[in-house]
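Below: the structure, in C-alpha cells.
The values are calculated or read from the model by the stated rules, or taken from the named source; none is laboratory data. In this text the structure is predicted, and so the values were computed from the model without any measurement. Every residue, glycine among them, receives a Cβ derived from its backbone with ideal geometry; neighbour counts consider all protein chains shown. Just the protein is used for accessible areas: all its heavy atoms, side chains included, with ligands, DNA and RNA removed. Shrake-Rupley method; radii C 1.70, N 1.55, O 1.52, S 1.80 Å.
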Amino acid sequence: MNTDHEESPKRENPFFAPFHTLHDTYPFDKIRLEDFEEAFIEGIRRDKEQIDKTINNPEKPTFDNTIINKDDDNEYYGLLDRVSTVFFNLLSAETCDEMDALAQKIEPILTQHANDVLLNKALFERIKAVHLHHRRLTPEEKRLLDKTYEGFTRCGALLDEEGKTRLRQLNEEASMLSLQFSQNLRKERKAFTLHITDEADLDGLPERVREQAAQEAKDRELDGWVFTLDAPSMGPFMKYATNRELRRQLYMASNTLCTHDNPENNTEICKRIVNIQRERAQLLGFKTFADFVLKNRMASNKRNVYRLLDQLIEAYKPTAQKELSEIERLARKMEGKDFQLEPWDLSHYSYQLQMKKYDLDSEMLRPYFELSKVIDGVFGLAHRLYGITFRENKDIPVYHPDVKAFEVFDKDGSYLAVFYADFHPRKGKQGGAWMTSFQGQCINRKGENVRPHVSVVMNLTKPTDSKPSLLSLGEVETFLHEFGHSLHGMFANTRFESMSGTNVWWDFVELPSQFMENYSIEKEFLRTFAFHYETGEPLPDELISRIVKSRNFMVAYNCMRQVSFALLDMAYYTLDKPLEGDLMAFEHKAWQKALVFKQLPGTCMTVQFSHIMSGGYSAGYYSYKWAEVLEADAFSVFKKNGIFDTATAQRFRDNILSKGGTEHPMTLYKRFKGSEPTIDALLRRNGIRRPKKAPKTH
C-alpha cells in the first residue's frame, strides 16, 4: 500500500474506478491511506441508496427483488464491501499508527450503519414476506433465504424499539472494544524486546537462532542480539537457551501481556466484552451467549460441547500427567533432586526428553525445510491431489514486498483463483497465522463464475544475510493448515458469495485446514520437497522414521492445553449473570480440570485470547477439537485408499471443499465419507485408549 503523503495533483480514488488489473485484483500500489475514509463514506451512501431502492420497490417482495437484486451494478453498490475487505485485512497484516487511528474513527460509523440495515423495519418486512411466501427455490436459494431471515432476527429485527435501541448501544460498544483489544495486544507484543549484549547469555542456542537474533538487532540498529515475542524468535529461545533467568523473563513477558498498569491493559475490556455478549444474547431471548452461538453450530448445544471436552479429558489427561512427570524426572536428573520445574522450563526440558527418546531436534530438520522448497512441496501436494497448478505473477500488485502473488489454474488449465502468501513477521503485522479473502467466489448477475482471491498470512522464520528462511516442522504444519483453509476458498463453487468457501459453521471450518496437517509427517510427501538447502541431499529415511515415531510426543499434554482454552471460552460465554471480580481468579477456576501444569500468579491468558475476544471464536474455541475428530476420521479414508488417491481427493473437493455453507455440514461430511465421524480415528492416531463413552459429533 502506498503511504506517501506528499502533495499531488487531484487524483481519482482507486476504489471509485475499475481496477484494470489482472483478474481484477486490488491495485495495492495505487491505494493510499487517505483513500479509505472517503471510500468508506461513499460506500455507506451507496449502500443506503441500494436499500432504499429495495424498500421502495413497488413490486411485491420476491426472492429476486429482495434477497438478491440481479439488476444491481456490483461495481457501484459493492464499494463498501471492497473497501472494508482491504482495510480490515491490512489492519491485521500491514497496519500503522495512522491506520489504527482511522480504525478507531471509522469503526463506530460502520457499526451504526450495520445496525441501521439489520434493524430496518421496512427492509425486514420485505424479507419476512419472502420468507413466508416465495416461489419454488433451489436448495441453495432456500438456504440463503433462511440465512438472511435468521441473520436479521438474530440481530434484533423482532425486538421492540426499546430493545433495538439497547442492542444498537451494545453493538457499537462491542465493536470498539474488540478493536481496542486487538490494538492493545499488538502494541504490547511488538513493544517488548529481549536485548542481549553478552554472548554468554546465548549458551545453548544453535547458530541459526543466534544469527536470526543478530539480524533482528541489526534491523533495529542495535548491537548484539534481539529476541521478540514473535513465535519464530521466542520459541527457539525457550527451547534451547540454558540461561534460566532469561527464559523466565521471556515467558513472563509473553504471559503477562495486557495485564500491566498502562493504557494497553485489557482486563476491563475483556470483562465488558463478555458481559456485552451475555446481555445481547439475553436481549434476543437466549439464556447465555453460548446458547445463542451454538444454535448454528454442528455441536447444537452446550451439553454436546462439554460431552466432547469431558471425553477428551477422560481419555488424555492421565497420559498428559505421565508426560509431565517424565519431563520433571529428567529435569531433576539433570539439575538435581531439589530442582522445581517451572513453566519457563517446560519447553527446554521437553526438548531434552525428546532428544533422549528420539534423538530428534527441529534444528536437524530446518536445513531440509527451506521456504521456497516447502512452497514447491505444498503446491505440489495440491497438484497431486487435485491437479491444480500455481504460477507466481509479479505483475499482480501486493501490499508489501514480502507478499507473493500466484495465479492458480485448475486441472483443465482454466483460471481458478489468485493466491497471496505473506510469510514473515514485521512491525505492522499481528502475531499468529490466518487465512483471509480479498474476493469471494460467486456467480454474478451475468452468469459469470467470479473466482476468489485468497491470502494466507503467517509469521514464519525470516531469512538472514547468510541463510534463507529455514522452517521448523511446526512451521511447515502451520503453512499446511492455512493452505487447507485457502483450498476451501479457492475451490468454492457456489452461486452466492455469502455461502461460498469458508463461509461455513465454525466447528466445520477447521476440517479442511487440520486435515492438511496430516501430510507433514508422510514420507511420500516429504520426499517431494525436503532437500538440504546447501547439499541438495534428501531428508534421510532415518530422520523421517524418527519424525513418525515422535509424532505423539507430548500429544496428550497439548490436547489438554487446547481443551483448557475451550473450557475457559465456555466458562465466560455460558454465564447467565454479569462477570464481576478478579478475572485471573475466574480464569484459574474455569480451566482447572484440564490443567496439567500450574498457572503462575500474575499470568493471564484471557487478556490476550484474541480468538474469543476479537476473532469470532467466542463460545466456539472447542471447534478445533471438534474439527480434529472430523479430520482424523476423514484422513483415515485417505490412509485406506492412498494418501494421494485422486478419486478420494475429488470426493473431498466435490462434497466438502467446493460446497461452502450450501448444505448442513454433516450432510456434506456423510456424502464424502458415507457415514458419520467417530472419535476412534483420532484416538488411534494419538495412541490413546478409547474412553468408555465416545462423544458424538452431531
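Overview of values
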item: The range 71-203, Rg to Rh (Cα coordinates; Rh as Kirkwood inverse mean 1/r); result: 1.17
item: Semi-axis lengths (Å, descending) of the ellipsoid that matches the C-alpha gyration tensor of the chain; result: 40, 29, 28
item: Difference of contour (0.36 nm per residue) and Cα-Cα distance, ARG303 to ASP81; result: 76.2 nm
item: Degrees between helix 207-219 axis and first principal axis of the chain (Cα, 0 to 90, nearest 10); result: 50
item: More than 14 Å apart - percent of Cα-Cα pairs taken over the range 93-132; result: 62
item: Separation in nanometres of the label points that stand 7 Å from Cα toward Cβ, at LEU600 and SER545; result: 4.0
item: Residues ARG45 and LYS427, FRET efficiency given R0 of 30 Å [Cβ-Cβ distance, rounded to 0.05]; result: 0.30
item: For q = 0.11, 0.13 Å⁻¹, Debye-computed log10 I/I(0) when each Cα of the range 515-634 counts as one equal scatterer; result: -0.56, -0.70
item: Highest to lowest packing among 367-375, 338-346, scored as the average C-beta count within 10 Å; result: 367-375, 338-346
item: For the range 216-322: rounded, prolate or oblate by the Cα gyration tensor [a/c cutoff 1.5]; result: oblate
item: On Cα atoms only, tilt of 231-240 relative to the major axis of the chain in degrees; result: 20
item: At 0.890 mPa s and 25 °C, Stokes diffusion of the range 563-619 via Kirkwood alpha-carbon radius, µm² per second; result: 208
item: Square roots of 5 times each gyration tensor eigenvalue, C-alpha, the range 313-388, largest first, Å; result: 37, 18, 9
item: Over the range 88-211, relative contact order from alpha-carbon pairs under 8 Å, at least 6 apart, %; result: 32
item: For LEU416, distant residues with modelled amide H under 5 Å away; result: VAL408, PHE409, ASP410
item: Cα-projected label distance for LYS60 with MET176, points at 7 Å along beta-carbon direction, nm; result: 4.6
item: Computed Rg/Rh of the range 375-428, alpha carbon atoms with Kirkwood Rh; result: 1.03
item: Cα-projected label distance for LYS577 with ASP338, points at 7 Å along beta-carbon direction, nm; result: 4.7
item: Cα gyration tensor, the range 287-428 - rounded (a/c under 1.5), prolate or oblate; result: oblate
item: Full-stretch length increase - ASP465, ARG248 - with 0.36 nm per residue and alpha-carbon distance subtracted; result: 75.2 nm
item: Alpha-carbon centroids, the range 594-655 and the range 320-358: separation in whole Å; result: 27
item: Translational diffusion of the range 390-488, µm² s⁻¹ [Kirkwood Rh, Cα pairs; Stokes-Einstein; 25 °C; 0.890 mPa s]; result: 166
item: Normalised alpha carbon radius of gyration of the range 122-183 [divisor 2.2 N^0.38 Å]; result: 1.47
item: Gain upon complete extension [ASP24, ALA191; 0.36 nm per residue less C-alpha separation]; result: 56.4 nm
item: Theoretical FRET efficiency, 1/(1+(r/R0)^6), r = Cβ-Cβ of ASN265 and LYS121, R0 35 Å, to 0.05; result: 0.30
item: Heavy-atom surface of the chain, accessible at 1.4 Å and reported per residue (Å²); result: 42
item: Cα gyration tensor, the range 254-313 - rounded (a/c under 1.5), prolate or oblate; result: oblate
item: HIS664 accessible area, 1.4 Å probe, all protein chains in place, Å² to nearest 10; result: 70
item: Expected 222 nm ellipticity per residue - DSSP helices of 4 or more, -39500 (n - 2.57), all of the chain, to 500; result: -16500 deg cm²/dmol
item: Listed pairs LYS147/LYS625; LYS121/LYS446; LYS625/LYS670; LYS427/LYS462; LYS271/LYS577; LYS322/LYS356 exceeding 21 Å between Cα atoms; result: LYS147/LYS625; LYS121/LYS446
item: With Cα atoms, 0 to 90° folded angle of helix 267-283 axis to the chain main axis; result: 40
